[in-house]
1. Pairs, please: C-beta under 8 Å, at least 6 apart or cross-chain, first residue free of Cβ contacts under 8 Å to residues at least 40 places away in the same chain and in the stretch 349-363, second surrounded by 24 or more Cβ atoms within 10 Å (Cβ to Cβ) and among the aromatic types (Phe, Trp, Tyr)?
2. Quick check: is even one residue across the stretch 82-90 part of a loop (DSSP other than H, G, I, E, B) and either among the aromatic types (Phe, Trp, Tyr) or under 19 Å from the mean Cα position of the chain (by Cα) (or both)?
3. With (1) acidic (Asp, Glu); (2) part of a helix (DSSP H, G or I); (3) over 26 Å from the mean Cα position of the chain (by Cα) as the list, and ASP283 as the residue in question, which single condition is left unmet?
4. Would you be able to tell me the number of residues in the stretch 105-146 that are open to solvent by less than 10 Å² (accessible area, probe 1.4 Å) and assigned to a loop (DSSP other than H, G, I, E, B)?
5. Step by step: first the residues of the stretch 329-351, then only those that are more than 29 Å from the chain's Cα centre (by Cα), assigned to a loop (DSSP other than H, G, I, E, B) and among the hydrophobic types (A, V, I, L, M, F, W, C), then the one that is farthest from ASP249 (Cα to Cα). Which residue is that?
6. Does PHE348 qualify as being aromatic (Phe, Trp, Tyr), within 30 Å of MET1 (Cβ to Cβ) and open to solvent by less than 70 Å² (accessible area, probe 1.4 Å)?
7. Given the residues SER341, SER334, which is the only one that is open to solvent by 60 Å² or more (accessible area, probe 1.4 Å), within 30 Å of GLU127 (Cα to Cα) and touching a Ser or Thr at 6+ places or on another chain (Cβ under 6 Å)?
8. Of all residues in the stretch 373-395, which are open to solvent by 60 Å² or more (accessible area, probe 1.4 Å), part of a helix (DSSP H, G or I) and either small (Gly, Ala, Ser) or more than 19 Å from ASP152 (Cβ to Cβ) (or both)?
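The values are calculated or read from the model by the stated rules, or taken from the named source; none is laboratory data. Just so we're clear, the structure is a prediction, and the values are computed from it rather than from any experiment. Quick reminder, even Gly has a Cβ in these numbers, built from the backbone with ideal geometry, and neighbours come from all protein chains shown. What goes into the accessible areas is simple: the full protein's heavy atoms, side chains included, and nothing from ligands, DNA or RNA. Shrake-Rupley method; radii C 1.70, N 1.55, O 1.52, S 1.80 Å.
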Amino acid sequence: MIRFLTSGESHGKGLTSIVEGFPSNFNFDVDFVNLELKRRQSGYGRGQRMKIETDKIELLSGVRFGKTLGSPIAMFIKNYDWDAWTEKMNQTNKSDDIEKITIPRPGHADLTGTQKYWFDDIRNSIERSSARETAARVAACSVAKLFLKEFDIHVGSYVENIGGEFSNNPFANILYSNSLGDFSNALELSNEADKSEVRVFDKEQEQRIIDKIKIAKKKGDTLGGTFIVVASGVPYGLGSYMHYDQRLDTDIAASIMSINAVKGMEVGDGFNSANIFGSESHDEICLKNNQFTRSTNRAGGIEGGISTGLPIIIRGAMKPIATLMSPIKSIDFSSMEELESRRERSDFVAVPACAVIAESMMAWSIAKFFLLKFGGDSIEEIKDNYNNYLCKTPNTIKNNFSTKS
């Protein structure tokens, strides 16, 4: 079983990721991890912090000569504005002139965290609940992406809408085919989205979104949106219907919902399938190139909690960022008086970044279930297991049925 652990605060010295359980001997590309971190920081509407910092990892352990050792992989990401926060975030001594934060921001973990952990300063809740932690996640999950790359499995994403601005010429709906249309894999799809400041395919939609972000900035407001994440090259048979926590879609749903500000997700046709007939919803089974496939992919690549071999497709919904420059009402803990909530440095929009983080979390879930099925101590052993599995064809299934009958 693979797992990762992150540590660090938003304005502390930095963030640490420890990744455990991956095999030895697969290629570890530091530049790839740093590119993933850069993608997380990109997008029109991001805040001032993105101008201060360019996230990069310092690789501490688990890799030698560009190959994984099978031991825990540790990475450190420096917070470049730590010098400005040394007194406020000092780990041993507290200055008398450090002001306590007493006004919680609606929509954040300010109130719930302070109540749960019995803090006397909301700063203690802000620092760990901040979306800054997702940089450490992206670093950790980049290891999963590098592992999956060895098997030609790729995860990509694009933004569907921001602030209700959808494309007038939407990307060909990949749920109603069994391929990615103009793209051979999810990486190509993602690379195309990365060419846009807001990670959309439609230039006219891009301009409408940018115009709406400008309006939000002027008003001191924020915007949310929806994004699509796609995994291509995933083999059939990952996951199980035997237990609730062994279902692939269960794990993916939990991973996507764990991302800051994500309030909803669906697999495949999701909520729309609740409004139509079953004959319009399910994917007909057919044979192509001596393999089972489906005529469409409304199920989003997962049936009965198990991958079908078609691209896995999910949609996520991110709420508007809760920190507002034109604040809404809150309560001051020190006086229990009603007043405007406080301001904190933040983004106006982070949907493009959220999509990249969702890619990372999806990759982690797929790598986890891939290793559960094909696991071994080295990449060579896993490839042998995987290639042996791929030898099964519809004819071998037919023979199996014939023998047992």
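1. Listed pairs, sorted by first residue: none to list.
2. Going through the stretch 82-90, the residues part of a loop (DSSP other than H, G, I, E, B) turn out to be 86-90.
Imposing the further condition that a residue be either among the aromatic types (Phe, Trp, Tyr) or under 19 Å from the mean Cα position of the chain (by Cα) (or both) reduces the set to none.
No - not one qualifying residue is present in the stretch 82-90.
3. Just one mismatch for ASP283, condition (2).
4. Looking only at that region, the number is 1.
5. MET336
6. Working: aromatic (Phe, Trp, Tyr): yes; within 30 Å of MET1 (Cβ to Cβ): no; open to solvent by less than 70 Å² (accessible area, probe 1.4 Å): yes.
No.
7. Values: SER341 fails: open to solvent by 60 Å² or more (accessible area, probe 1.4 Å).
Exactly one of SER341, SER334 is open to solvent by 60 Å² or more (accessible area, probe 1.4 Å), within 30 Å of GLU127 (Cα to Cα) and touching a Ser or Thr at 6+ places or on another chain (Cβ under 6 Å), namely SER334.
8. Across the stretch 373-395, the qualifying residue is only ASN395.
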